[in-house]
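The values are calculated or read from the model by the stated rules, or taken from the named source; none is laboratory data. Note that this is a predicted model, so its numbers are computed, not measured. Here the Cβ is made from the backbone with ideal geometry for all residues, glycine too, and neighbour counts use every protein chain on show.
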Amino acid sequence: MENEYRLEMKGISKSFGGVKALTDVDLCVKKGEVHALIGENGAGKSTLMKILSGAYQKDAGEIRIDGEQVKIEVPKDAKDLGVAVIYQEFMLAPDLTVAENIFIDRLSQGRLINWKQLNKNAEEELVKLGFGDIKPTTPVRNLSVAYQQVVEICKCLKRNAKILVLDEPTAVLTFAEIEKLFQIIERLKEQGTSIIYISHRLEEIFRLSQHITVLKDGTFVDTVATDTIDKQKLVNMMVGRDMTQMFPKRSARIKDVVLEVKNLSAGSMVKNVSFQVSAGEVLGFSGLVGSGRTETMRAIFGIDRKEKGEIIYFGEHIDFKDPKEAIQHGFGLLPEDRKQQGLLLEQSIRVNATLTILNKITNKFGVINHAKEKKYVQELLKKISTKYGSTEDNANSLSGGNQQKIALAKWIAADCKCVVFDEPTRGVDVGAKTEIYRIINQLAEKGVAVIMISSEMNEVIGMCDRVIIMRQGEITGELKQHELAEQNLIKYAMGVE
Ligand SMILES: Nc1ncnc2c1ncn2[C@@H]1O[C@H](COP(=O)(O)OP(=O)(O)OP(=O)(O)O)[C@@H](O)[C@H]1O
Ligand SMILES: [Mg+2]
């Protein structure tokens, strides 16, 4: 009888120094199914997939593909076996063009390249995926993160993968793009590709998957058929306790206006933007990827140059010349792209978490009190349930979600009067999401004016007092709390009536 499983990973274990990332984990995936792999931050999901892709070596266990035991020692082994992985962190070559990235295998074979043909083929592939507006000759570094991901998927599809792993693919996408991605996934499934899908968004898991495997603290909890389980049970398997309230209540009083922006224009992405935010308020910014939300905040924060407009902060006209000056005025920004802007990955967790509060842990001569610093960092990280070995480990040894928590931690620590959180819960597990919401609430209750850019509509609806929607660099709408509903947000974000 033919083997019903495309992939069987059995008894997989893996340690990094003293950290046991995986202990005796099983994952069996059928042909032509979407199999969800879920678990809290640091549960071992990405590590298991890196073993499948040959990026890491397993310490123990075996892997079978179509019933045959296989050796995966280097990435090429996995590629030859038809395994393609789209990582949480992209693997694209930023200086190469879109077309060069998609056909990177062809380029590395050393044959003569017909560039015209290459670009034409790339364009055809992108059109097939529904992303014809991505130009094949654009260097990848100039694309938005969302578009970079489309290129990455396109690249994997060109390899005719039997097994496609998507590690949190939608974390960087907005609803319109997610729909397109889901269509691609459905199509691949129909063609018999087995898809392993990692996500912290349970709605997606229920919509796409046939089976779900749950990991907890590097161990296997269970594999279940999706139609036999509900959300509550699944969360319980993952977290080990019931979670009833996703969005905690806030008792903040909205007071005086802290920041007022009038007719701000900067570059091509910020056109005549005006808004205000008050102490104790959580103001949401919604819209599609590339709608200008991030760019607006960057211009205010002094990262990008303003062309026109006024910024009034606590009643005074101000023009932050750089982020340092903004921070000195108690204005903070958690950037959306942690990899490039939020974290010093080669530095320790301790250094990262205390970047913004050095004045609190230094004596009057500017010397850091290390005992104080360590205690401070440990308490802070415990508050947001961060999983790490030692505060001296490099930030890049953390799982994706835990890196995110460190980036957030430094703004919680800083004494800000106004903070912008750009996609604060991207890649964070359900339990920690609620913790982050609680922290945002505490900031608002303390009288901080909070601006939250978010592409997750339920988060915007659950958390914000008021929401501004942007589209193509302009504000297209503003919704008060009682008007917040998905169709209203979509209407303004897409520009449809
Ligand atoms: N290169 C590494 N060096 C040291 N420790 C590592 C390394 N890679 C992963 N780990 C550790 O292994 C554990 C599992 O991490 P992994 O990235 O697999 O988690 P994850 O389930 O993907 O989490 P997330 O949802 O946050 O992405 C974590 O404790 C992490 O710190
Ligand atoms: Mg991960």
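A few points about this structure:
- Test for Glu68: is it away from ligand 1 (no atom under 16 Å from the Cβ) and surrounded by fewer than 17 Cβ atoms within 10 Å (Cβ to Cβ): yes
- So Thr97, is it within 11 Å of ligand 1 (Cβ to nearest atom), surrounded by 17 or more Cβ atoms within 10 Å (Cβ to Cβ) and β-branched (Val, Ile, Thr): no
- The residue list Leu7, Leu22, Leu27 contains one member that is over 20 Å from Lys162 (Cβ atoms) and touching a helix residue (DSSP H, G or I) at 6+ places or on another chain (Cβ under 9 Å), which is Leu22.
- Flag if Val70 is free of Cβ contacts under 8 Å to residues at least 12 places away in the same chain and of a type in the set (Val, Ile, Thr): yes
- Set side by side, the residues Asn402, Asn394 differ, and just one is within 16 Å of ligand 2 (Cβ to nearest atom), touching a residue at least 40 places away in the same chain (Cβ under 8 Å) and of a type outside the set (D, E, K, R), which is Asn402.
- Across the stretch 176-216, the number of residues qualifying as aromatic (Phe, Trp, Tyr), touching a residue at least 60 places away in the same chain (Cβ under 8 Å) and farther than 15 Å from Leu48 by Cβ comes to 0.
- Leu484 vs. criteria without any contact (Cβ under 8 Å) to a residue 40 or more places away in the chain, under 22 Å from Ile300 (Cα atoms) and more than 16 Å from the chain's Cα centre (by Cα): no
- Taken as a whole, the stretch 191-210 holds at least one residue that is modelled with pLDDT under 95, buried (at least 21 other Cβ atoms within 10 Å of the Cβ) and over 20 Å from the mean Cα position of the chain (by Cα).
- Taking the stretch 135-228 and the helices (runs of 4 or more DSSP H) fully enclosed by it, the elements with 3 or more residues that are aliphatic (A, V, I, L, M) and touching a strand residue (DSSP E or B) at 6+ places or on another chain (Cβ under 9 Å) are at 175-190, 202-208.
- The set of residues in the stretch 10-53 that are within 16 Å of ligand 2 (Cβ to nearest atom), at pLDDT 95 or above and aliphatic (A, V, I, L, M) comprises Ile12, Leu22, Val25, Leu27, Ala36, Leu37, Ile38, Leu48, Met49, Ile51, Leu52.
- The residue of the stretch 12-39 that is nearest to Phe220 (Cα to Cα), among those that are assigned to a loop (DSSP other than H, G, I, E, B) and within 8 Å of ligand 1 (Cβ to nearest atom), is Gly39.
- Taking every residue in the stretch 87-102 that is within 16 Å of ligand 2 (Cβ to nearest atom) and pairing it with any residue that is among the hydroxyl-bearing types (Ser, Thr, Tyr) and modelled with pLDDT under 85, at least 6 positions away or on another chain, the pairs with Cβ-Cβ distances below 9 Å are Gln88/Ser399.
- Residue under evaluation Ala21, criteria (1) closer than 21 Å to Val224 by Cβ; (2) crowded, with 17+ Cβ neighbours inside 10 Å; (3) not basic (Lys, Arg), criterion not met: (1)
- Residue within the stretch 48-56 that is touching a Leu at 6+ places or on another chain (Cβ under 7 Å) and touching a residue at least 40 places away in the same chain (Cβ under 8 Å) present: yes
Yes/no per residue for (1) surrounded by fewer than 22 Cβ atoms within 10 Å (Cβ to Cβ); (2) closer than 20 Å to Asn236 by Cα; (3) polar (S, T, N, Q):
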{"position": "Lys14", "(1), (2), (3)": "no, no, no"}
{"position": "Cys28", "(1), (2), (3)": "yes, no, no"}
{"position": "Gly32", "(1), (2), (3)": "yes, no, no"}
{"position": "His35", "(1), (2), (3)": "no, yes, no"}
{"position": "Lys45", "(1), (2), (3)": "no, yes, no"}
{"position": "Met49", "(1), (2), (3)": "no, no, no"}
{"position": "Leu52", "(1), (2), (3)": "no, no, no"}
{"position": "Gln57", "(1), (2), (3)": "yes, no, yes"}
{"position": "Gly61", "(1), (2), (3)": "yes, no, no"}
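- Selection status of Gly42, of a type in the set (Gly, Ala, Ser), touching a residue at least 24 places away in the same chain (Cβ under 8 Å) and in a loop (DSSP other than H, G, I, E, B): yes
- Breaking point among (1) surrounded by fewer than 19 Cβ atoms within 10 Å (Cβ to Cβ); (2) at pLDDT below 95, for Gln276: (2)
- Of all residues in the stretch 386-439, those satisfying the criterion of being more than 26 Å from Leu173 (Cβ to Cβ) and within 15 Å of ligand 1 (Cβ to nearest atom) are Tyr388, Gly389, Ser390, Thr391, Glu392, Asp393, Asn394, Ser397.
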